[in-house]
Amino acid sequence: MSDFIIALLSTLGTLFILLAALGMLRMPDFYLRVSVATKGGSLGVGLILIAAAIYFSDFGMTTRALAILFFILITAPVSAHLLGRVAYLSKIELWEKTSRDDLRGRYEREKLELKGKKREDEEDEEENSENGQS
Amino acid sequence: MNITDFFLFGILPLLGLAVLLLFIRFLIGPSLADRVIALDLMITVGIGIIVVYSIINDQPTFMDIAMILALIAFLGTLSFSYYLKQKAREDE
């Protein structure tokens, strides 16, 4: 019974990893590739780690497997977000069939910072005050 | 069929195939960010391979190496993104 659960979990994890690798090869765009890599990779490795924890069935090994799983689940979205943000800043092009780009024109390229709504209001106020003075 | 044989002949070749596909993307990736994300996923699959290898050989010690590899992968992606950001700042 335990062997069956281990085989099932590891097969599912391997299939997820294989689908992530195939998506990395087939996806047309950098941002779609980041999405596929993060979700598929962390889910697949997580399932394999759970299978290893069940196989060893030892307190130390279970703790180690869960620590690795926790660490991957924490760090994968962070690194994907950093890479996606930097790729958008360095003007890597989106797929031509992308329907909407919410960040278009909202990045200050010189400061490399996101231009929020508050900053736009401040600029408007400054313009108004300058007009009033002149 | 033994569970060890299943891991050795069923799981490990599929993970190797995944690494091969990722390596193709690493070679042909149009930009540097594509290569970085392919390398990141290759290290993540490498963690899975180390775990499967420790199950095959019944050596629990290899899991520590997987943990260290996860740490190094995160630090590598972080420093690569910092480098890309500096390069984007210089290009402006």
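FYI, it's all coordinate maths here, none of it is from the lab. As the structure is a computational prediction, the values presented were derived from the model and not from experiment. We place every Cβ from the backbone using ideal geometry, glycine too, and count neighbours over all the protein chains shown.
I'd like the full set of residues that are assigned to a loop (DSSP other than H, G, I, E, B) and surrounded by 13 or more Cβ atoms within 10 Å (Cβ to Cβ), limited to the range A:56-90. Don't jump to the end; show me each part of the working.
Within the range A:56-90, the subset assigned to a loop (DSSP other than H, G, I, E, B) is A:57-58, A:90.
Listed by number, the list holds a single entry, A:Ser90.
Kindly check whether there is at least one residue in the range A:23-43 that is under 22 Å from B:Asn2 (Cα atoms) and part of a helix (DSSP H, G or I).
Here is the first cut: in the range A:23-43, the ones under 22 Å from B:Asn2 (Cα atoms) are none.
No.
Matching residues to (1) without any contact (Cβ under 8 Å) to a residue 60 or more places away in the chain; (2) surrounded by 23 or more Cβ atoms within 10 Å (Cβ to Cβ); (3) farther than 21 Å from B:Leu27 by Cβ; (4) among the basic types (Lys, Arg):
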residue	(1), (2), (3), (4)
A:Asp3	yes, no, yes, no
A:Leu8	yes, no, yes, no
A:Ile17	yes, yes, no, no
A:Pro28	no, no, no, no
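Hey, could you check the range B:1-54 for residues that are within 23 Å of A:Phe30 (Cβ to Cβ) and of a type in the set (D, E, K, R) and say which is surrounded by the most Cβ atoms within 10 Å (Cβ to Cβ)?
Ranking the candidates gives B:Asp40 first.
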